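Notes for the one structure printed next.
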Amino acid sequence: MVARAWADDAFQARLVADPAAVLGEAGLAVPAGLAVRVAAPGVPEAPEPGARLVLPPTPPAGELTEEQLAAAGADTYGFTCLYTKLTGCG
């Protein structure tokens, strides 16, 4: 998911605008009543309570390939860990 947000501006915009829906599309249901916000470079942070997903800055071109990111679990690892902590399952 992180690598996709880095590569696809429209996807990143959707993730920032409606993280619960995008996480749900990836099979990670957000518990009812939990506010989820995405902290991304250039996006003002909201000081409101809830879960905060941090989208790191895009690495410089040529630093990591899509295959290297996928092999390292960068696409879902952070979101899956957050989901497990929030729901207690896993």
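If a residue must be farther than 18 Å from residue 29 by Cα and surrounded by 10 or more Cβ atoms within 10 Å (Cβ to Cβ), how many such residues does segment 42-53 contain?
Selection size over segment 42-53: 3.
Name the helices (runs of 4 or more DSSP H) wholly within segment 9-90 that hold at least 1 residues that are at pLDDT below 75? If you could, list the steps in order and put the result at the bottom.
On the way: elements: 9-17, 19-25, 66-72, 77-87.
Output list reads 66-72, 77-87.
Only residues that are over 15 Å from residue 51 (Cα atoms) and among the aliphatic types (A, V, I, L, M): list them for segment 18-35, please.
The one that is over 15 Å from residue 51 (Cα atoms) and among the aliphatic types (A, V, I, L, M): 26.
The values are calculated or read from the model by the stated rules, or taken from the named source; none is laboratory data. Bear in mind that the values here come from a model prediction, so they are computed numbers and not experimental data. No Cβ is skipped: glycine too gets one built from the backbone with ideal geometry, and neighbour counts run over all protein chains shown.
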